[in-house]
Amino acid sequence: MLDIPALSNAFQQDNTIKLFRTALHDAHETLAQRFHSGTPVDELVHHRAQLIDQLLACIWDHFIGNDEQLTLVAVGGYGRGELHPRSDIDILILCKKNLPDAHKEPIEHFITFLWDIGLEVGQSVRSVDECVAQAGKEITIATNLMEARLISGAESLYQAMRDATGPGKLWPSRDFFTAKWAEQIARHEKFNDAISNLEPNIKEGPGGLRDIQMIGWVAKRHFGTDTLFGLIERGFLTENEYQTLTEDQNFLWKIRFCLHLISARKEERLLFEHQRELASQLGYQDSEHHLAVERFMKDYYRTVTALTRLNEMLLQLFREAILCADERATITPLNKRFQVRNDYIETTHDDVFSHYPFALLEIFLLLEQHQEIRGVTAATIRRIRNHLHLINDAFRNDLSCRGLFMEILRQPQGITHQLRRMNRFGVLAAYLPAFGKIVGLMQFDLFHVYTVDEHTLMVIRNVRRFSIQRHAHEFPLCNKIHSTLPKPETLYIAALFHDIAKGRGGDHAALGAADTVSFCADHSMSQYDTGLVAWLVKNHLLMSSTAQRKDISDPDVINLFAETVGDALHLDYLFLLTIADIQGTSPTLLTDWKRSLLCDLYHATRRALKNQMSETRHVASIKTAARALLAEQGFCATLIASLWESWGDDYFLRHSPKEIAWHTQSIARSNDDEQPLIEVRQDTERGGVEVFVYAKEYPGLFTQTVATFDQIGLSIADARIITATNGHTLNSYMVHEESSNAADAERCAEIVAQLKQQLSPSSPLPLPVKRRQQRRVRCFSTPTKVTFGLDERNQRTIVELTASDRPGLLTCVGKALLHCDTHLQNAKITTFGSHVEDVFFITDASNQPLRSEEQFDCVRSTIKQYLDENQQC
C-alpha cells in the first residue's frame with residue numbers, strides 16, 4: 001500500500017511533508033474502503049500496524065540511519081501489531097546509555113516529522129537502565145515493554161532491554177498478576193463496575209478490549225505464551241472458549257475500527273451521536289419492535305457480558321495457579337456434591353452437574369447460606385458453563401429445581417449477590433427463558449441508564465436493601481413498611497418480572513403479569529399470592545404516574561387511586577416496588593422532590609383507605625396544624641382568619657401546614673400590598689428551593705416568572721397556581737439549580753431580586769435564554785404532542801404536553817397560554833431524560849374549562865409553533 005522507495009526519494013524534494021501526508025491519507029482511505037467492502041477486521045488492524053512499520057522504518061533510516069547506539073521499538077498496542085485508524089502509535093527510542101547530545105537533534109527532527117505528516121505519536125526516549133528503573137516503578141510501563149517489538153536499529157540493544165525487564169528480573173508472576181488484577185478492579189470502578197453504561201467505553205469499560213488484553217498479559221508473563229491460543233495447550237483455555245474470545249474480540253474490533261472512521265479521532269466511547277451511525281454502517285436495521293441502534297447495542301452488551309464471564313473465570317483460574325499454587329488446601333465438605341477449598345466453593349467431582357442437574361441451582365443457595373464463602377473456583381465456573389444445556393424444560397418442570405429457586409428467593413441474605421452471579425454465569429437466563437430475552441436489551445433514550453436485565457437486578461437489590469437495618473436511614477419509611485410484609489419473596493418476584501416483557505411489543509406490564517401467573521402457578525404459590533404479584537407487575541407504573549402526572553391534592557384523584565389499589569397491603573407492596581423501580585432506573589432519577597410526592601401520595605391513600613375523614617374535616621385538620629405553628633410565632637387567630645378568608649379550600653389541600661404558616665407569616669409582615677411579595681427558602685426535605693409569589697393577578701404573571709427562572713438557570717419541578725377571591729395569586733414553585741449546586745443565602749437573594757425586577761404588568765418578557773442543550777439531549781428528538789382532558793370536579797381543562805426537553809420550554813408554554821387568553825391553575829412538571837411529559841390545568845378567561853374546538857386548536861397549535869419553530873423560546 002505504500003511505495004517505500006518513492007517515499008525515500010521524497011526526502012530529496014521540497015514538498016516532502018505533503019507527499020508523506022498524501023501517502024498516509026491514501027493508505028487510510030484504502031483501509032476504510034476495504035473495511036466497508038467486508039475485509040475481516042483483524043486483517044485490517046494488523047495491516048495498518050505493518051503499514052506504520054514500513055513508514056517509520058523509512059523515516060528512521062533518513063533521520064537516524066544505521067546507528068548502533070539507537071533502536072526504534074514499538075510498544076503497547078502497536079507493539080502487539082494492532083492499530084485501529086486513529087490509535088496512538090506508541091514508540092520507544094532505546095539508547096545504550098544516557099542520550100548523547102549528538103543524538104538529540106536527529107531524534108527531535110524524527111519526532112517532529114512524524115507529527116508534521118499527521119501521525120499521533122506517543123514517544124519516550126530511554127536507556128536500558130532507565131527502562132528497568134521506570135518499569136520497576138510502574139506496572140503500566142512494564143506491561144508496555146513486555147509487548148515491545150523491534151522496528152529498526154540494533155537488535156542486540158532491543159534484546160538487552162527485553163532481558164533486563166523480563167519476569168526473571170522485574171515483576172515476578174505473582175506480583176505482576178496481583179498488580180494487574182488490582183489495576184482492572186480500579187479501572188472497572190471508574191465505570192461503576194457496570195457493563196451497561198449508556199455510552200460505554202469499548203476499550204476500558206468492563207468486558208471491553210482491555211479485559212481481553214489483561215488475559216493475554218498474564219498468559220505472556222506467567223506462561224510465556226505469545227498468543228491466547230497457547231493457553232489451550234496448557235489446559236487453561238478450551239477451544240470453545242478460545243473461539244468465543246476471538247469472535248468477541250473481532251466484534252469489538254469491528255465496532256472500534258468503524259468508530260474511529262466515523263468520529264475521525266481516537267474515540268473509544270460509544271457516544272449517542274455515533275451509535276445510530278455505527279448501527280447503520282454495521283448493517284443493522286429496524287425490526288418490528290426494536291430500532292436498529294437498539295439491536296446493535298444489545299449485541300454489544302451481550303458480547304461484553306460474555307467477555308466479562310470469561311475474564312472472571314480465567315482470572316480466577318490464574319489466581320489459583322499463580323497466587324494459590326503453594327497454599328496447602330483446606331477442604332470443608334458441605335454435602336456429597338459440594339465442598340469449600342480455601343474459602344471457594346467447588347464440586348466434589350467433575351460429573352456432579354451431569355449426575356445431579358439440580359445442583360446448578362443448589363450451588364447458589366449454598367452460597368447464600370454460607371456467607372463465609374468468598375466465591376466459586378474457576379473449574380466449577382467452567383463446569384457450570386459447560387452444563388447450562390441441562391437447564392431445559394424437564395429441568396424447569398422438576399419440583400426439586402422449582403423448590404430450590406424459591407428457596408434462593410426466600411433466604412434472609414445474599415439474594416442480590418447470587419441472582420447477579422446467576423446472571424453472569426448464564427443460569428438465570430437458562431432457568432427463566434423470558435429473562436434471557438431481556439439480557440443486554442437497551443432502550444435508546446436518556447431515561448433508562450441500564451439494560452433491562454441490569455435494571456431488574458438493580459430493582460431487586462433496592463427492595464432487598466429496604467430490609468437491611470444498617471441502610472434504614474436511606475429510606476426510613478420503606479424500611480418500616482418492609483418489616484411488616486408477610487411474604488417479602490412476593491415483592492422480589494414482582495421486581496424480577498416487572499419488566500420481563502420489555503421489547504416484545506404491546507403492553508409490557510400486562511404481558512409480564514401473564515408471565516408472572518404462569519411462574520407462580522409452576523412454583524406452587526397460593527392463589528392470593530399469585531394475584532398479588534400479577535397485580536403488582538401489571539400496575540408497577542401506576543403510583544409513579546399518579547404522583548407525577550396528576551393533581552394529588554385533588555381528593556377525587558386520591559380516592560380513585562385508593563379504589564384501584566384496594567387495600568393497605570397492596571399499597572405497601574406497590575409503594576416499595578415503585579421507589580425501588582425509580583431508583584433502579586437511574587441513580588439521579590429519584591430526587592427528594594419525587595420521593596416527597598410519592599410519600600404524600602402514600603399517606604393520602606392510607607387515609608383514604610381508612611376513610612379517616614371527609615374533605616371538609618381534612619381541610620380543618622390542616623388549618624389547625626398551621627394555626628398551631630403560627631401561634632408559636634405570636635400571630636393572633638383574628639389576623640390569621642382574615643388572611644385565610646379569601647384563600648379557598650383548594651389552597652389548603654395543596655399545601656402542607658408548614659408551607660401555609662410560612663406564606664401566612666410572609667403576607668402578614670408585608671407592608672406593600674401593591675408590589676409583588678417574593679419569598680424564597682431552601683427546602684432540605686424535598687431537595688430544592690421553594691419560591692412563593694403573592695401578587696395581584698394579571699395576564700402574563702406565570703410566563704414572566706418561569707422566563708425569569710430560565711434566565712437565571714433554575715429548572716422547575718412543580719408549580720402550584722392559586723388565585724384567591726381577593727384577586728391575588730398564591731403561586732408556589734419548587735425549583736432546582738441546573739448546575740446541581742445547592743442554593744445558598746446569596747443565591748436566594750438573587751432569585752428574589754430578579755423576580756422583583758421582572759414581575760410587573762408593564763414589564764416585557766425577559767429575552768430568550770441562549771443556553772445550548774446538553775450534548776446527550778441533542779441526540780434525541782421527541783415530536784411535540786398536545787392532548788386535552790377534563791377535570792370535572794374542579795372544572796379545569798387538563799393539557800398534557802410531550803416534547804423534547806430544551807432551555808426555556810415552560811416560557812414557550814406560558815407565552816402560548818397567554819396568547820390564547822387562558823389562565824394556568826396548576827402544573828405538574830416531569831422530565832424523562834431527553835423529553836418532558838408535563839401536565840397543565842387551565843381555564844378560559846371566565847375561569848371555565850375550554851369548550852370550543854377553536855380554543856383547543858389555539859392552545860395546541862400555538863404551543864407546537866413556539867416549541868417546534870423556536871428550539872429556544
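The values are calculated or read from the model by the stated rules, or taken from the named source; none is laboratory data. Values in this document were obtained by computation on a predicted structure and should not be read as measured data. For neighbour counting, all protein chains shown are included, and Cβ atoms are generated from backbone atoms with ideal geometry for every residue, glycine included. The area values use the complete protein model at the heavy-atom level, side chains included, leaving out ligands, DNA and RNA. Shrake-Rupley method; radii C 1.70, N 1.55, O 1.52, S 1.80 Å.
Here is how the numbers come out for the structure above:
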read-out	value
Scope segment 212-228; condition outside any helix (DSSP H, G or I) and under 18 Å from ARG382 (Cβ atoms); matching residues	LEU228
Pairs with Cβ under 7 Å, 6+ apart, first in segment 834-862 and among the polar types (S, T, N, Q), second in a strand (DSSP E or B) and open to solvent by 40 Å² or more (accessible area, probe 1.4 Å)	THR843/HIS823; ASN847/HIS823
Pairs with Cβ under 6 Å, 6+ apart, first in segment 28-42 and touching a residue at least 40 places away in the same chain (Cβ under 8 Å), second outside any helix (DSSP H, G or I) and open to solvent by less than 60 Å² (accessible area, probe 1.4 Å)	none
Residue in segment 49-58 that is of a type in the set (Gly, Ala, Ser) and in contact with a Ser or Thr (Cβ under 6 Å, 6 or more places away or on another chain) present	yes
Candidates ILE141, ILE91, filtered to the one that is under 40 Å from the mean Cα position of the chain (by Cα), closer than 19 Å to ASP67 by Cα, buried (at least 19 other Cβ atoms within 10 Å of the Cβ) and not aromatic (Phe, Trp, Tyr)	ILE91
Test: residue in segment 168-176 that is within 26 Å of LYS96 (Cα to Cα), open to solvent by 70 Å² or more (accessible area, probe 1.4 Å) and not aliphatic (A, V, I, L, M)	yes
Selected residue [surrounded by fewer than 19 Cβ atoms within 10 Å (Cβ to Cβ) and modelled with pLDDT of 95 or more] from SER524, SER518	SER518
Helices (runs of 4 or more DSSP H) enclosed by segment 518-633 - at least 2 residues per element that are closer than 19 Å to THR484 by Cα and more than 35 Å from the chain's Cα centre (by Cα)	592-610
Residue in segment 815-868 that is modelled with the lowest pLDDT, counting only those that are within 33 Å of the chain's Cα centre (by Cα) and in a helix (DSSP H, G or I)	ASP868
Scope segment 295-342; condition in contact with a Gly (Cβ under 8 Å, 6 or more places away or on another chain) and either on the phi > 0 side of the Ramachandran plot or among the acidic types (Asp, Glu) (or both); matching residues	ASP299
Meets criteria (of a type outside the set (A, V, I, L, M) and free of Cβ contacts under 8 Å to residues at least 12 places away in the same chain) for PRO488	no
Residue within segment 641-655 that is under 21 Å from PHE841 (Cβ atoms), in a helix (DSSP H, G or I), among the acidic types (Asp, Glu) and modelled with pLDDT under 90 present	yes
Selection count where residues are open to solvent by less than 10 Å² (accessible area, probe 1.4 Å), in a strand (DSSP E or B) and over 18 Å from GLU645 (Cα atoms), scope segment 691-717	4
Among residues of segment 810-847, those that are farther than 13 Å from ALA719 by Cα, in contact with a strand residue (DSSP E or B) (Cβ under 9 Å, 6 or more places away or on another chain) and polar (S, T, N, Q), counted	5
Which numbered condition THR416 fails, given (1) under 30 Å from PHE236 (Cβ atoms); (2) open to solvent by 10 Å² or more (accessible area, probe 1.4 Å); (3) among the hydroxyl-bearing types (Ser, Thr, Tyr)	(1)
Condition met for ARG421 (of a type in the set (Lys, Arg), out of contact with any Lys or Arg (no Cβ under 8 Å at 6 or more places or on another chain), touching a residue at least 40 places away in the same chain (Cβ under 8 Å) and under 21 Å from ARG396 (Cβ atoms))	yes
The lone exception for GLY208 - which of (1) surrounded by fewer than 22 Cβ atoms within 10 Å (Cβ to Cβ); (2) farther than 24 Å from CYS324 by Cβ; (3) not basic (Lys, Arg) it fails	(1)
In segment 213-226, the residues that are under 35 Å from the mean Cα position of the chain (by Cα) and either open to solvent by less than 10 Å² (accessible area, probe 1.4 Å) or more than 30 Å from ASN192 (Cα to Cα) (or both)	MET214, ILE215, VAL218, ALA219
Filter result for the condition that a residue is surrounded by fewer than 21 Cβ atoms within 10 Å (Cβ to Cβ) and under 41 Å from the mean Cα position of the chain (by Cα), over ILE678, ILE721	ILE678
Conditions (1) without any contact (Cβ under 8 Å) to a residue 60 or more places away in the chain; (2) open to solvent by less than 10 Å² (accessible area, probe 1.4 Å); (3) among the hydroxyl-bearing types (Ser, Thr, Tyr); number of the one not met by THR624	(2)
Any hit, segment 429-445, residues being of a type in the set (A, V, I, L, M, F, W, C), over 19 Å from GLY512 (Cβ atoms) and surrounded by 23 or more Cβ atoms within 10 Å (Cβ to Cβ)	no
Residue in segment 792-814 that is farthest from LEU867 (Cα to Cα), counting only those that are assigned to a strand (DSSP E or B) and open to solvent by 20 Å² or more (accessible area, probe 1.4 Å)	ILE798
Whichever residue in segment 753-769 is open to solvent by 30 Å² or more (accessible area, probe 1.4 Å) and among the aliphatic types (A, V, I, L, M) and, among such residues, is modelled with the highest pLDDT	ALA753
Residues (part of a helix (DSSP H, G or I) and either touching a Ser or Thr at 6+ places or on another chain (Cβ under 9 Å) or on the phi > 0 side of the Ramachandran plot (or both)) located in segment 257-266	HIS260
Selection count, segment 645-667, where residues are more than 21 Å from ALA604 (Cβ to Cβ) and exposed (fewer than 15 other Cβ atoms within 10 Å of the Cβ)	2
